[in-house]
Amino acid sequence: MPQFGGFMNDPTAQMGLQMGQSAMKVGQEYVEQNFNRYINVSALKHYFNVSNRYVLSKTLLVLFPWRHRPWSRSQTNTASPSHNGSTTTQFLPPREDVNSPDMYIPLMAFITYVLLTTLIAGLNGKFEPQLLGMTLSNASVVIILELLVLWLGRYFLNISSESQIYDLVAYSGYKFVGVIVTIAVAAIVNRGKGTGGWVGWTVFAYTFMANAFFLLRSLKYVLLPPDNSPSNPSMQTIARGQRSRRTQFLFVYSYVVQFAFMWWLTALNFTSGVPVVAGGKGIKGRWGR
Amino acid sequence: MASYGYQPNPAPQPQSSYSAQNNLNFYQSSYPQQPVSGHSTPFQAAYGAGTQSNAYGASGTANYGFGAFPAQAGASGQMGTGQSGLRTGWLAAFGTEGYEGEPPLLEELGVNFGHIQMKTLTVLNPVARIDQNIMDDADLAGPFLFCALFGTFLLLSGKLWFGYVCGLAALGAFSLNFIFSMMSPPLSQDEMNAAQSQHYGGSNHLSSTLTLGRSSSVLGYCLLPLVFASLLGVLLPLDSLIGYIVVSLAIAWCTYSSSAMFCVVGRMTNMRGLVAYPLALFYVGFGIMAIFSSRGTGRIDAMKAET
């Protein structure tokens, strides 16, 4: 009976096939190992372990942080994985602790910001799909710069634990919530003509102060932890000089850095004209409509 | 055709002894100096129904150039004799027959119209119950079709935005898969083992039951209401109040069905609102493209003209 694909019966071809299969397997294992080295998946999952109630209360907290009482994160004592009888303390996930940072809100706020600016630009008659990409790149530049500041700060402040860096990255994204509120309110009041004017500046100032207060209170526990907490795994007391350095960093970060970035983000409103792309024509010029 | 993609092993094969001899003979002399014989089909030659002369004739008949697919390494020394089962002659050349035992083309490609229809109806019916295994065969044929339709309707409105549709779909699929993998509860240890051993489903990397293929499939199928909205946008301008309402309804419908599917497949049923929000953002992106692509009431062009 003639068989379809009979070249597989050839020993040479079969050997080649097996070699190819094992090569692919080795390659996959290599990728998997290195993937887990760069992105700690279980640590990231902790930041996305949120609930409906958490998201609502945290968003309100970012906008109205004035009256919130305890800012410290709750800890739990769990059995140590090394089974030597001792207990390790871990922070509770965001689902159970409203003071815990998460990455869901910052990520959603970032994407909402990109879409909102594009929508407002579109309602002003200046939509082109490149706007989506341009806004995304601009906002990504802000994020990258902020990560750079945090990374440098990590060296100056001698932050060793990895979870602290993830915490800082998460906290840096909360300003997008304030930026969104500013842009939305200004668009409604100014009829989309930009974020200038009394209302725009007032809302901007308010959200900036709220964000700064929120960061100050929350980051105090991240950067200046009381001893014997999970963010201080080596149980070393932080030296006096280092404490004051960290406090200075905290103030500078919360006020100056956030102000600069928030202002930059809200100023990107594209109503003064679409930034010129190379070639200067854009879609309208090409298709003549 | 001078190119034989696969040079057969001229050593005698154990399967068919008669053809081993043929093999040796034909390998040298199969080039079309043989008289073309219209009578013997390659099939007959393969089964040895004819004599040696038949086999000779058959070898010259057809060098179809199917270099890669001899029927058997031993039995067919020449690719084109059609001992693999192809018939010869004019009628067969214009027919749709193929090799024997070959599965139908659509089945080979993995396009299962019954499944596509079932999934499409699940999307269109807002009150349907979603089976947990609906996405086990995560095909992308339906999603590709819907994205192509969306782009086509935008084209009929005057905007050549296929590239942007494709880019938004790809970017959204990657990031939504990442987000939902992070949000879904981690796989238990035996699920991880199962995923690793048989590729049964679920990504080992991100420790969830969602893979990129499944996420893209769900997102693509749930784009259907927006495809309808863009079809409507060909006929009436979406830039008006009724256009906004229609597109908002379409976005809400898309979000509703896709969040239902993701919650079931990703086992996150208590977080449906949180799952729905990123999906809403994704579909708002498409909705923005649909609205601002329409020829409109002239309001947008007037605004462009005045600035």
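Taking R0 as 35 Å, what FRET efficiency do you get between residue A:24 and residue A:145 from their Cβ-Cβ distance, rounded to the nearest 0.05?
Step by step, r from the Cβ atoms, then E = 0.30.
Between residue A:242 and residue A:17, what is 0.36 nm times their sequence separation minus the Cα-Cα distance? Round to one decimal in nm. Don't skip to the answer; put the middle values down first.
On the way: separation 225, 0.36 × 225 = 81.00 nm, distance 6.03 nm.
Additional length available on full extension: 75.0 nm.
What list do you get for A:171, B:283 if you sort them by fewest beta carbons within 10 Å?
Placing the least packed residue first, the sequence is A:171, B:283.
Could you give the nm distance between label points at residue B:152 and residue B:128, where each point is 7 Å from its Cα heading toward the beta carbon?
Using points 7 Å along Cα→Cβ, the separation is 2.2 nm.
Of the listed pairs A:175/B:159; B:119/B:159; A:45/A:220, which have alpha-carbon separations greater than 26 Å here?
Beyond 26 Å between Cα atoms: A:175/B:159; B:119/B:159.
What ranking of A:261, A:251 emerges when the number of other C-beta atoms within 10 Å of each C-beta is taken as an exposure proxy, fewest first?
Values: A:261 19, A:251 12.
In order of increasing Cβ crowding within 10 Å: A:251, A:261.
Give the average, rounded to an integer, of partner chain Cβ atoms located within 10 angstrom of each Cβ in A:127-134.
5
Give me the one-decimal nm value for the distance between modelled label points at residue B:249 and residue A:155, 7 Å along each residue's Cα-to-Cβ direction.
Distance between the two pseudo-spin positions: 5.9 nm.
Counting other beta carbons within 10 Å of each residue's own, what order do A:66, B:161 fall into, fewest first? Don't skip to the end; give the middle numbers.
Values: A:66 10, B:161 22.
So the residues, fewest neighbours to most, are A:66, B:161.
First select every other residue whose beta carbon is under 15 angstrom from the beta carbon of residue B:126; then total the charges, Lys and Arg +1, Asp and Glu -1.
That works out to +3.
Bear in mind that the values in this text are calculations on the coordinates, not laboratory data. Please read all numbers here as calculations on a predicted model, not as lab measurements. Note that each Cβ is placed from the backbone with ideal geometry, even for glycine, and that neighbours are counted across all protein chains shown.
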